[in-house]
Amino acid sequence: MKRSSVIRGVVLRRVALGVAAVALVAGCGPQGAGGGGGGSAAPPAAVTDTPPASSSAPSSDPSSKPSSDPSSDGKPSSPSATDGTPAPKALMGDGDENEQVRELQARLRQAGYFDRAPTGFYGTMTAGAVTAFQKKRGLPQTGSVDEATWQKLLAMTHKPTADELKPSTTNKLDAPDPRCLTGRVLCISKESRTLAWMIDGKVVSSMDVRFGSENTPTREGLFTVEWKARKWTSTIYHTPMPYAMFFSRGQAVHYSADFAARGYAGASHGCVNVRDKAKLSELFDQVKVGDKVVVHW
């Protein structure tokens, strides 16, 4: 075999592997049992759940991600108290996402400092609630939970029930990202786990959402609705994605029967799951290809 033929064969195999890798990560579907249906729409010809080739992929906005300064033990470093004294070591702080944060939020809600459903994510709203609690109790106002803050909160609240930790009520909207205040926008907040359909700064409708897992995260940034399909099945995960509105290389807003059944016990493969089918059906009819999509913390 000639040397040129061998080189050509190696190059072709590498190209094929690259294409296969792109196809693997581009698609989206709920992790768990999907479901639902609807009418029909003629989807674009595609091998994976990716937008048509003519669509340009919007750029992400990494500046919208929360930042942390990991210390040697892997926890974010505690900010200084407002009086300038060194703050005690934080047990929980900005950027954390776990069940202890969910319990913290439920207990803060019992005490009247957190007015939304627990999400398990420690963001600016949780930090604000913690700061207010610390101020009222004469503790260093760091916005992070240290041992003294946690013990004080434990002493004045009871162990949250399952309904308090994961209530079925609709999550409360947070302040919209500035990019959501003009035009027609699907404004999606990871912190409050909500989607707000907004037109010229006014909220028309809203609904609960959930996102991808740590291994399959939902991308953040400014996007547009690239294409829609009232009835679609993931070509990678083979799960139903009714009322799909694709906005970022295979990631879409869509109804999830798994989210409706399990709530936040599950996650998507990167898509924005909606559990209220009736609300999403109405939204699907209103949203147009080209409308903005903002995914932010």
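The values are calculated or read from the model by the stated rules, or taken from the named source; none is laboratory data. What you are looking at is a predicted structure, and each value in this text was computed from that prediction instead of being measured. We place every Cβ from the backbone using ideal geometry, glycine too, and count neighbours over all the protein chains shown.
Out of the stretch 131-152, which residues are free of Cβ contacts under 8 Å to residues at least 60 places away in the same chain and touching a Pro at 6+ places or on another chain (Cβ under 9 Å)?
Within the stretch 131-152, Gln134, Pro140, Glu147, Thr149 qualify.
Of the conditions (1) under 16 Å from the mean Cα position of the chain (by Cα); (2) outside the structural domain of Ser248 (by TED's automatic domain parsing); (3) of a type outside the set (A, V, I, L, M), Trp150 clears all except one; give me its number.
With (1) under 16 Å from the mean Cα position of the chain (by Cα); (2) outside the structural domain of Ser248 (by TED's automatic domain parsing); (3) of a type outside the set (A, V, I, L, M) applied to Trp150, the lone miss is (1).
Scanning the stretch 199-210 for residues that are among the hydrophobic types (A, V, I, L, M, F, W, C) and within 19 Å of Tyr255 (Cα to Cα), which turns out surrounded by the fewest Cβ atoms within 10 Å (Cβ to Cβ)?
Looking at the filtered set, the residue picked out is Val204.
Looking at the stretch 258-289, which of its residues are under 22 Å from Leu165 (Cβ atoms), among the hydrophobic types (A, V, I, L, M, F, W, C) and buried (at least 18 other Cβ atoms within 10 Å of the Cβ)?
Our first condition is that a residue be under 22 Å from Leu165 (Cβ atoms); within the stretch 258-289, this holds for 258-268, 273-276.
From what is left, the residues that are among the hydrophobic types (A, V, I, L, M, F, W, C) are 259-261, 265, 267, 274.
Phe259, Ala267, Val274, listed by residue number.
Does Lys202 meet the test of being in the same structural domain as Gly290 (by TED's automatic domain parsing) and in contact with a Phe, Trp or Tyr (Cβ under 7 Å, 6 or more places away or on another chain)?
no
Spot the failing condition for Ile188; the list is (1) in contact (Cβ under 8 Å) with a residue 24 or more places away in the chain; (2) under 21 Å from Gly95 (Cβ atoms); (3) outside any strand (DSSP E or B), and only one is missed.
Answer for Ile188: the failing condition is (3).
For Gly128, state whether it is in a loop (DSSP other than H, G, I, E, B), within 26 Å of the chain's Cα centre (by Cα), touching a residue at least 12 places away in the same chain (Cβ under 8 Å) and not assigned by TED's automatic domain parsing to the domain that holds Met245.
no
In the stretch 159-175, is there at least one residue being under 19 Å from Lys292 (Cα atoms) and touching a strand residue (DSSP E or B) at 6+ places or on another chain (Cβ under 7 Å)?
Within the stretch 159-175, one or more residues are under 19 Å from Lys292 (Cα atoms) and touching a strand residue (DSSP E or B) at 6+ places or on another chain (Cβ under 7 Å).
Could you grab me the full set of residues in the stretch 113-136 that are exposed (fewer than 14 other Cβ atoms within 10 Å of the Cβ) and under 24 Å from Pro88 (Cβ atoms)?
Hits for the stretch 113-136 are Gly128, Lys135, Lys136.
Enumerate the pairs (first residue in the stretch 213-236 and over 17 Å from Asp291 (Cα atoms) and aromatic (Phe, Trp, Tyr); second residue anywhere and at pLDDT 95 or above and in a loop (DSSP other than H, G, I, E, B)) with beta-carbon separation below 8 Å, excluding pairs fewer than 6 apart on the same chain, so at least 6 apart or on different chains.
From the stretch 213-236, the pairs are Trp232/Met241; Trp232/Pro242.
Quick check on my filter: what residues within the stretch 145-186 are small (Gly, Ala, Ser) and surrounded by 12 or more Cβ atoms within 10 Å (Cβ to Cβ)? Break it down stepwise before answering.
Applying the first criterion (small (Gly, Ala, Ser)) to the stretch 145-186 yields 148, 155, 162, 168, 175, 183.
Of everything in the stretch 145-186, those that are small (Gly, Ala, Ser) and surrounded by 12 or more Cβ atoms within 10 Å (Cβ to Cβ) turn out to be Ala148, Gly183.
Filter the stretch 99-124 down to the residues that are assigned to a helix (DSSP H, G or I) and among the polar types (S, T, N, Q) and list them by number.
Scanning the stretch 99-124 gives Gln100, Gln105, Gln110, Thr124.
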